[in-house]
1. Leaving out same-chain residues fewer than 8 places away, which lysines sit with a Cα under 22 Å from that of LYS39?
2. What angle do you read, to the nearest 10 degrees and between 0 and 90, between the alpha-carbon axis of helix 32-43 and the longest principal axis of the chain?
3. With every protein chain in place, what's the accessible area of SER25 (1.4 Å probe, Å², nearest 10)?
4. For the chain, what does -39500 (n - 2.57) per DSSP helix run (n ≥ 4), summed and divided by total residues, give at 222 nm, in deg cm²/dmol to the nearest 500?
5. Taking a probe of 1.4 Å, how large is the accessible area per residue of the chain, in Å²?
6. Carbon and sulfur: what percent of the chain's accessible surface (1.4 Å probe)?
7. Straight-line reach from LYS40: which aspartates and glutamates have Cα under 13 Å away, leaving out those fewer than 8 places along the same chain?
8. Taking only Cα atoms, what is the 0 to 90° angle, nearest 10, from helix 11-29's long axis to the longest principal axis of the chain?
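The values are calculated or read from the model by the stated rules, or taken from the named source; none is laboratory data. Worth saying up front: this structure is predicted, and the values here are computed from it rather than measured. Methodologically, a virtual Cβ is constructed for each residue, glycine included, from the backbone with ideal geometry; neighbour enumeration extends over all protein chains shown. These accessible areas exclude ligands, DNA and RNA; they are computed on the full protein's heavy atoms, side chains included. Shrake-Rupley method; radii C 1.70, N 1.55, O 1.52, S 1.80 Å.
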Amino acid sequence: MDYPIGHRKRRAEGTPVLVKKFEASVAAHFNPKQTETIKKAFADQAALAALPVSDFMAKLVSAA
């Protein structure tokens with residue numbers, strides 16, 4: 001039986017697909033410098049968990 005890409009039995013196979021999808025989505029909405037900042041924030045889970053919510057939200061605000 002085949003399982004969809006998001007199924008827990010295909011987690012190892014699906015994670016790289018989700019990461020690429022996330023990076024493409026971020027790149028579509030933010031400038032290149034801000035995109036790299038956001039990607040770096042998500043790359044280190046421990047640092048992301050320790051990041052205050054106000055600082056995290058500041059990374060997601062795009063300059064008009």
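1. List returned: LYS20, LYS21, LYS59.
2. Tilt relative to the chain: about 60 degrees.
3. 60 Å²
4. -21000 deg cm²/dmol, from helical runs alone.
5. With the other protein chains kept in place, the chain gives 83 Å² per residue.
6. Within the chain, the accessible surface is 62 percent carbon and sulfur.
7. Hits, sequence-local ones excluded: GLU23.
8. Compared with the principal axis, the helix lies near 30 degrees.
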